[in-house]
1. For residue 87 and residue 55, what is the calculated FRET efficiency with R₀ set at 25 Å and r taken between the beta-carbons, to the nearest 0.05?
2. Mind ordering 75-85, 93-103 by average Cβ neighbours within 10 Å, highest first?
3. Heavy atoms only, probe 1.4 angstrom, no DNA, RNA or ligands counted: give me 108, 91, 41 ranked by accessible area, highest first.
4. Label-point separation (nm) for residue 65 and residue 101, each offset 7 Å from Cα along Cα-to-Cβ?
5. Would you mind counting up the charge near residue 39? Only other residues with Cβ under 13 Å from its Cβ, with Lys and Arg at +1 and Asp and Glu at -1.
Amino acid sequence: VLPDSLRNLVSFEDPDSEEGVQGLLRSSRLGTILQGGAKILKDSRGSAATYELSEPASGPGKKGSIDAFISHNWAVPRWRKFLCLALHFNLIHASVITVAVMALLSTLG
């Protein structure tokens, strides 16, 4: 059995939080991260504004899971991070649309 302090750390629980025990595990939506060319990934300094872009990952009304964990290197330029994320999360849709437009244009031409 783990001591409470260690269990809280490992489980992302914060019993002193206003949000109850779920306050430490936070997430952001992909659209929020990609907004403005991924400007949130410009530097490592957090602020109240960047904190407000996240929300508790679990709790009332939440599905209790995170679909993707994005880790990144602060030495990589922001635009490269943006391009990688945009490509990774949109490649299938972009490919289907490209093929459809090419097929349409080839029938018209």
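1. 0.45
2. 75-85, 93-103
3. Working: 108 130, 91 90, 41 20 Å².
Of 108, 91, 41, the descending order of accessible area is 108, 91, 41.
4. 3.3
5. Working: positive: 42, 45, 78, 81; negative: 43.
Result for the neighbourhood of residue 39: +3.
The values are calculated or read from the model by the stated rules, or taken from the named source; none is laboratory data. Note that the structure is predicted; figures quoted are calculated from it, not measured. In this analysis, Cβ positions are derived from the backbone assuming ideal geometry, glycine residues included, and neighbour counts consider all displayed protein chains. Side chains included, ligands, DNA and RNA excluded: accessible areas come from the protein's heavy atoms. Shrake-Rupley method; radii C 1.70, N 1.55, O 1.52, S 1.80 Å.
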